[in-house]
Amino acid sequence: MSIAMIGLDTAKSVFQVHAVDEAGTTEVRRKLRRSDLIMFFEKQEACTVVMEACGAAHHWARVLIGLGHEVKLVAPEAIKPFVKKGKKNDAANAAAICQAACRPDIRFVPVKSLEQQGILAVHSARSLLVKQKTMLANAMRGLATEFGVTVPRGIGRLEELVVLADVGNTLPGRARQVIRELLEHCRTLAASIEVLEAEIVAHARQDEAARRLATIPGVGPITASLMAATVADIGLFKSARQFAAWLGLVPRQYSTGGKTRLGRITKSGNRELRKSLVLGATSMVYRAAAWNSAAGVWTRAILERRPVRLVTVALANKMARIAWALMTRKEIYHPKAPVTVEAQAVA
């Protein structure tokens, strides 16, 4: 029995193994307990192990690479078409992983290092705390609104909300106490977010790729650090358009019969990275009038004929393409001077 490839469906306690030979014939199909997984692969001759790029996949990939195996990770959306309808189980998933990995056009996910996963954990924690802070702020505003107390928008207005709640007898004592406690939770979260952001900024200053990315207008240390940690191998993307498509910043296609129909952006890929790019693009769009470069002229020209939200996404796409160029060529961003009217006339 010669095993060439093993499809491994991972889980918390039970793992499914589907092994095939060079011809694709099934050789082994069995379940393994978590405690038996390493022992199984230690006895197995070196081969290619394919897993779905999901939770803990990068950890197991590093473990199996240490045992001498070649490990490849496949995106979940590439495996789904090979799972037969109505037969979704661990064994079917493991077999589908092998089938997907044999496709000639499949694109594998690079295995992340411990350092990359460490900084990504900081980004995930910060994102969670920011969401919780927003939820608390909305809860405070909602409770106060029930008693007729409102303040203008902005997270910095919460202190003013508490002051208004304490004035007079508009709110009962229990309601005032609840709003004060929610404000304390917001303060605690804000302090924790500041600590995490300091770690992210330190990483952005130390990482070479992040320092290059931070030179792009609209890309701050958080976005630069997140992109540098997320994109393990920029060489997997043959063009800037492929990188922008991977981030979900290109329009969907509904084309048939020679007729091309483009819709909204696909929103595939890393959601947090795409959101960071769009937020950075939004800030640059609002400052487009003072953006004295070729990119600024391009942005202002689109604003004259397209909605603001569409322009922000288009600019985020452009920023992603610039990021691909900087990471591929290992350069920093050099803004191009705007073309003047006199230069255009001479040309």
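Scan the range 256-296 for residues that are surrounded by fewer than 17 Cβ atoms within 10 Å (Cβ to Cβ) and among the hydrophobic types (A, V, I, L, M, F, W, C) and jot them down. Matches in the range 256-296: Leu262, Leu279, Ala289, Ala290, Ala294. Listed by first and then second residue, the pairs with beta-carbon distance under 8 Å, at least 6 apart or on different chains, first residue in the range 295-324 and among the charged types (D, E, K, R), second open to solvent by 70 Å² or more (accessible area, probe 1.4 Å), are Arg300/Ala289; Lys318/Trp298; Arg321/Arg241.
Candidates Glu22, Glu42, Glu27, Glu70: the one that is among the acidic types (Asp, Glu), touching a residue at least 12 places away in the same chain (Cβ under 8 Å) and either touching a helix residue (DSSP H, G or I) at 6+ places or on another chain (Cβ under 6 Å) or under 19 Å from Asp90 (Cβ atoms) (or both) is Glu27.
Just to confirm my filter: which helices (runs of 4 or more DSSP H) fall fully inside the range 132-231 and include at least 2 residues that are under 25 Å from Leu273 (Cα atoms) and among the aliphatic types (A, V, I, L, M)? Give the derivation first.
Working: elements: 158-166, 173-206, 208-213, 221-230.
Qualifying helices (runs of 4 or more DSSP H): 173-206, 208-213, 221-230.
Taking (1) open to solvent by less than 50 Å² (accessible area, probe 1.4 Å); (2) in contact (Cβ under 8 Å) with a residue 40 or more places away in the chain; (3) over 27 Å from Ser283 (Cα atoms) in turn, Ile216 satisfies each apart from (3).
The set of residues in the range 243-293 that are closer than 25 Å to Ser225 by Cβ, among the small types (Gly, Ala, Ser) and touching a strand residue (DSSP E or B) at 6+ places or on another chain (Cβ under 8 Å) contains only Gly248. Figure legend. Inter-residue proximity from the range 90-107: first residues more than 19 Å from Val17 (Cα to Cα), second residues surrounded by fewer than 17 Cβ atoms within 10 Å (Cβ to Cβ), beta-carbon distance below 7 Å, spacing 6+ or different chains. Indicated pairs: Arg107/Leu236.
Within the option set Ile65, Ile155, Ile119, being modelled with pLDDT of 95 or more, open to solvent by 80 Å² or more (accessible area, probe 1.4 Å) and closer than 29 Å to Gly269 by Cβ holds for one residue only, Ile65.
The values are calculated or read from the model by the stated rules, or taken from the named source; none is laboratory data. These figures come from a predicted structure and were not determined experimentally. Neighbour counts run over all protein chains shown; Cβ positions are idealised from the backbone, glycine included. Each accessible area value is taken on the protein alone, full model and side chains, heavy atoms only, with ligands, DNA and RNA left out. Shrake-Rupley method; radii C 1.70, N 1.55, O 1.52, S 1.80 Å.
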